[in-house]
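The values are calculated or read from the model by the stated rules, or taken from the named source; none is laboratory data. No experiment lies behind these values; they were computed from the predicted model shown. Note that we place each Cβ from the backbone using ideal geometry, even for glycine, and neighbour counts take in every protein chain shown.
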Ligand SMILES: Cc1cc2nc3c(=O)[nH]c(=O)nc-3n(C[C@H](O)[C@H](O)[C@H](O)COP(=O)(O)OP(=O)(O)OC[C@H]3O[C@@H](n4cnc5c(N)ncnc54)[C@H](O)[C@@H]3O)c2cc1C
């Protein structure tokens, strides 16, 4: 340490890095601390301003024991961080320190009242303006350990007593997150769990695209199951949106993390448009409707359950479009039921980093102390944000992870 001054370097000025700078400043308790954020772009938070469709879904107000379940395999790792600095603390920080009032929307999602991710980024930068140094257009190219951290950058060398690695993942590379965290951490002896896109739309094969294109822009609630090599990997119920390239929407994006790196012809999504009824119940229901409405077209009867555009395409696929209830055979019912409950859509390619909101994989959690975010390999190095092998579901989970982890790192550096 240079005298009593604590020099902290933060490699990456995205959500995690900016939050870490805020926490260091807020909780420094009069300690002499010099905070330096190193950001390769000309302005920090390029991804942050895209969040929540430009509105920034800051966090999620679920109870911590529920919230942690949204982090998949990392739920136990992240639990202490969420407990120490969870949604309530985040909300207080936004309202009291950043001066941004928040509001709660459906599914406990928290947004700033101003509905502006740019204003969130600007409020953070304004908070940091006299509390931290922000070096922009400066890319971290290497880290050497020793008495201090010697960080080489595109603008020369820097030295720090502590270093926070927050250079993000590989998703949305146009925002500056091109996987540098992994290279830097690996060079320091860390294991990188192979990365892939998560929270991404799914591109389907050409044949399935004919179906999805016809319904482009339509959203339905359905149960979606992902099959890899013929085996069901995961099923999610929720909203799904048809698009010209394939499928998107919350249910699809949540499943996307399970799509393997190499997609074979046997990786597909099975769509169930009426999950509330099993096949037998659906058949009974149809028999009843058929006897009650013999002069009605089948497509119109199906429209009672799904949007009429979806009913039309399903009936076309089942080759029953134009048929009336009267004379609708058992074979026709079977074909229709198959398309309603087991419509198969082939996945064309792995989740693309260009479109994935977050990265699955990253620095192995086994090598990071979950109570402090300090590396178990390199004392004084802290790893936070998407650099870590943590990806949350959508709904404010990923930004909350950044905030909780940033707080733990700051607290430990400050010795609080
Ligand atoms: C379109 C979109 C919408 C999203 N919406 C939400 C939402 O509403 N709510 C939510 O919770 N999550 C959301 N997310 C996810 C969330 O934005 C990320 O999880 C979060 O930004 C990760 O923060 P991070 O700081 O770890 O990485 P990033 O935000 O990616 O920041 C990393 C920073 O490091 C910089 N950097 C990289 N390499 C270097 C280097 N070598 N030297 C210097 N700087 C470097 C990058 O330029 C970047 O600024 C969304 C993501 C996307 C793409």
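Some observations on this one:
- Reported count of residues in the stretch 1-26, each being near the ligand (Cβ under 7 Å from one of its atoms) and part of a loop (DSSP other than H, G, I, E, B), is 3.
- Residues of the stretch 363-374 satisfying the condition of being away from the ligand (no atom under 16 Å from the Cβ) and assigned to a strand (DSSP E or B): 374
- Filtered residues of the stretch 27-48 (kept if part of a helix (DSSP H, G or I) and exposed (fewer than 15 other Cβ atoms within 10 Å of the Cβ)): none
- Taken over the stretch 167-177, residues that are part of a loop (DSSP other than H, G, I, E, B) and either more than 6 Å from the ligand (Cβ to nearest atom) or more than 23 Å from residue 377 (Cβ to Cβ) (or both) amount to 5.
- Total residues in the stretch 179-212, condition surrounded by fewer than 18 Cβ atoms within 10 Å (Cβ to Cβ) and under 30 Å from residue 243 (Cα atoms): 5
- Residue in the stretch 379-388 that is away from the ligand (no atom under 16 Å from the Cβ) and at pLDDT 95 or above present: yes
- Sole residue being closer than 30 Å to residue 359 by Cα and touching a residue at least 12 places away in the same chain (Cβ under 8 Å), chosen from 266, 332: 266
- In the stretch 178-204, of all residues being part of a loop (DSSP other than H, G, I, E, B) and within 13 Å of the ligand (Cβ to nearest atom), the one that is nearest to residue 145 (Cα to Cα) corresponds to 179.
- Here residue 372 meets each of (1) touching a helix residue (DSSP H, G or I) at 6+ places or on another chain (Cβ under 7 Å); (2) not assigned by TED's automatic domain parsing to the domain that holds residue 66 with one exception, condition (2).
- Meets criteria (surrounded by fewer than 19 Cβ atoms within 10 Å (Cβ to Cβ) and modelled with pLDDT under 95) for residue 416: yes
- Any hit, the stretch 398-406, residues being closer than 14 Å to residue 165 by Cα, outside any helix (DSSP H, G or I) and modelled with pLDDT of 95 or more: no
- Inclusion of residue 96 among residues that are in the same structural domain as residue 403 (by TED's automatic domain parsing) and more than 15 Å from the ligand (Cβ to nearest atom) is warranted.
- Flag for residue 217 being over 30 Å from residue 366 (Cα atoms), more than 20 Å from the chain's Cα centre (by Cα) and more than 16 Å from the ligand (Cβ to nearest atom): yes
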